[in-house]
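Colleague: The structure that follows is given in the form of structure tokens.
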Amino acid sequence: MAKNAGDTIHHDISGEDILVRTDERFVEYRSKWDNNPKTLTKGSFPVHLDIETTSTCNLRCPFCKTTYSRTDIKNGFMSWETLKKIMDEAGENGLYACKFNFRGEPLLHKDLCKFISYAKEKGLIDVFFNTNGTLLTPERARALIASGLDRLTVSFEGFEKELYERNRVGATFETVVKNIETLRDLKQQLGSKTPKVRLQAVLIPELRERLDEFTAFWADKVDQVSYNEMLDNVPNMIKPVQSPWICPFPYQRLMIMWDGTITACYNDHYGKLAVGNCHDVSIKEAWSKLMEPLRILHKEGRAHEAEACAECPMRMNEIKKRAEV
């Protein structure tokens, strides 16, 4: 049998581990997240859902696939009806976690805090999203704290204005730093430990030798500092190759786009792996039955036969790492 995934593109470098909790259900959740891919166990329902509140973004970052795909995908905002349908089924099936984003900026959605509160009401124990932080106003920060949001990842390259604004095109360095500091201060004022805040950079070449400075700048502003390896996300620039690598996603999570389309992976920007729409098929059926052909391809070392998998940047990254060993 082909080997399963073992590496990750994510690296925590400073601060507390925001994914460590001692309550029994959380420990169970993280155990399934880690171990299901290793044993190729899918269970009866996903451990996690990626839920796209919107596909639109207010920035044009040069390393982000959304920058290049924004004109050739159908853009929109998830409706309350769609979100409620998803969460009602999720609650009935004991879903542990969800992340409220995919291709766009979640804070553009006017009902984001309502979505978060409903997810918490349905029993999810790890509700979070990634943001560029540009819209994290004091009012929105206060509402996020009140919503019950468990954690928040702010994407931010570096600690210097010129470097940051060159990579986060459309953002202003001082504004976003202030937004993050305001969230920190509001949590202290309100006596809230959540949301835990992770500051996360894409490891652009200019940061590679300056991680100590990067960490020092953010140490008193956030709970955790981390980075993700830089992947080749430019469409049509990835050369498909064969590999026995088995992706962990079919054993952990599903993605639901803003219009209800269910697909396998957050790297599938164009829905090439779509298995239906949540308005026509249950999430449970999509997970248990409709995803099975993709799992078989991975188990048999034939994932390259699925176009979206063949051109996946995570797949390319894993192959590169194994070649270097």
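What follows draws every value from the coordinates through simple rules; no lab data is involved. Being a predicted model, the structure only gives us computed values, none of them experimental. In this analysis, Cβ positions are derived from the backbone assuming ideal geometry, glycine residues included, and neighbour counts consider all displayed protein chains.
Colleague: Give the long-range amide H neighbours of residue 277: residues separated by 5 or more places, or on another chain, with amide H under 5 Å away, using H modelled in the peptide plane at 1.01 Å from N.
Modeller: 262
Colleague: So, one more: Within the chain, which cysteines find no other Cys whose Cβ is under 4.7 angstrom from their own?
Modeller: Lone cysteines by the Cβ rule: 57, 98, 113, 247, 265, 278, 309, 312.
Colleague: Scale the Cα Rg of the chain by the rule-of-thumb value 2.2 N^0.38 Å and send over the ratio, two decimals.
Modeller: Computed over Cα atoms of the chain, the ratio equals 0.96.
Colleague: If you don't mind, another one. Could you tell me which of 175, 136, 216 has its Cα farthest along the dipole of the chain towards the positive end, charges placed at Cβ (Lys, Arg +1; Asp, Glu -1), taken about the Cα centre?
Modeller: Going by the Cα projections, it comes out as 136.
Colleague: Can you tell which of 313, 293, 138 shows the greatest fluctuation in a Gaussian network model of the chain with Cα springs below 10 Å?
Modeller: Taking springs between Cα atoms under 10 Å, the residue moving most is 293.
Colleague: Another question, then. Most mobile of 27, 275, 127 per a Gaussian network model of the chain (Cα springs, under 10 Å)?
Modeller: 27
Colleague: With both bridge residues required to lie in the chain, what share of the DSSP beta bridges run antiparallel, to the nearest 5%?
Modeller: Beta bridges within the chain, antiparallel portion: roughly 30 percent.
Colleague: Calculate for the chain the 222 nm mean residue ellipticity that helices alone would give, adding -39,500 (n - 2.57) per DSSP H run of length 4 or more and normalising by residue count, nearest 500 deg cm²/dmol.
Modeller: Computed mean residue ellipticity for the chain: -10000 deg cm²/dmol.
Colleague: Using the Kirkwood radius over C-alpha pairs as Rh, can you work out the diffusion coefficient of segment 167-315 via Stokes-Einstein at 10 °C, viscosity 1.306 mPa s, in µm² per second? Write down the numbers at each step before the final one.
Modeller: Details: Rh = 18.6 Å.
In µm²/s, the coefficient is 86.
Colleague: Please list, ordered by chain and number, the residues whose modelled amide H lies under 5 Å from the amide H of residue 14; skip anything fewer than 5 residues away on the same chain.
Modeller: 225
Colleague: Where does the charge balance sit around residue 52 when Lys and Arg score +1, Asp and Glu -1, over other residues with C-beta under 10 Å from its C-beta?
Modeller: Working: positive: 99, 103; negative: 50, 259.
Around residue 52, the surrounding residues sum to 0.
Colleague: Assign one of three labels to segment 1-123, namely rounded, prolate or oblate, based on the Cα gyration tensor with a ≥ b ≥ c the square roots of its eigenvalues; rounded applies when a/c is under 1.5, prolate when it is not and a/b is larger than b/c, and oblate otherwise.
Modeller: Numbers: a/c = 1.68, a/b = 1.25, b/c = 1.35.
Verdict is oblate for segment 1-123.
Colleague: Please turn the phi angles of segment 122-135 into ³J(HN,Hα) values with the Karplus equation 6.51 cos²θ - 1.76 cosθ + 1.60 (θ = phi - 60°), one per residue in order, whole Hz, x for glycine and proline.
Modeller: Listing the rounded values in order: 7, x, 5, 9, 9, 10, 7, 7, 9, 8, 7, x, 5, 9 Hz.
Colleague: Computed FRET efficiency, Cβ-Cβ of residue 300 and residue 277, R0 22 Å: what is it to the nearest 0.05? Before the final figure, lay out the partial values.
Modeller: Working: r = 28 Å, r/R0 = 1.27.
My answer for the efficiency is 0.20.
Colleague: So who's got an amide H within less than 5 Å of the one on residue 201, skipping anything under 5 residues away but keeping other chains? H placed 1.01 Å off N, in plane.
Modeller: Those qualifying (amide H under 5 Å, at least 5 residues apart or on another chain) are 156, 226, 227, 228.
Colleague: Further question: Bin width 10 Å, origin at 0, all Cα-Cα pairs of segment 112-190: what percent of pairs per bin?
Modeller: The distribution over segment 112-190 is 18, 46, 28, 8, 0, given as percents.
Colleague: For the pairs 42/272; 85/299; 161/221; 84/284; 65/284, note any where the Cα-Cα span goes beyond 27 Å. Please list the in-between numbers first.
Modeller: Numbers: 42/272 21 Å; 85/299 32 Å; 161/221 17 Å; 84/284 16 Å; 65/284 29 Å.
As for pairs spanning more than 27 Å Cα to Cα, those are 85/299; 65/284.
Colleague: Now, a different point. I'd like the Karplus ³J(HN,Hα) series for segment 49-66: coefficients 6.51, -1.76, 1.60, θ = phi - 60°, whole numbers in Hz, and an x wherever there's a Gly or Pro.
Modeller: Listing the rounded values in order: 10, 8, 10, 7, 5, 7, 9, 8, 9, 8, 10, 9, 6, x, 9, 9, 4, 4 Hz.
Colleague: Moving to a separate point now. Counting pairs of alpha carbon atoms under 8 Å apart in space and at least six apart in sequence, what relative contact order in percent does the chain give?
Modeller: Values: 597 pairs, mean separation 83.3, N = 325.
That works out to 26 percent.
Colleague: To continue, here is another question. What GluC sites (Glu not before Pro) does segment 148-209 have in DSSP loop regions with at most 10 other beta carbons within 10 Å?
Modeller: Numbers: sites: 157, 160, 162, 165, 174, 181, 206, 209; in loops: 157, 160, 209.
Answer by residue number: 209.
Colleague: How far apart, in nm, are the 7 Å Cα→Cβ label points at residue 289 and residue 204?
Modeller: Spacing of the two 7 Å Cα→Cβ label points: 4.8 nm.
Colleague: Please report how far the C-alpha centroid of segment 169-205 lies from that of segment 97-117, rounded to the nearest whole angstrom.
Modeller: What the calculation gives is 17 Å, centre to centre.
Colleague: Pick from 12, 23, 212 the residue whose mean-square fluctuation is largest in a GNM of the chain, springs joining Cα atoms under 10 Å.
Modeller: Among 12, 23, 212, the largest GNM mean-square fluctuation belongs to 23.
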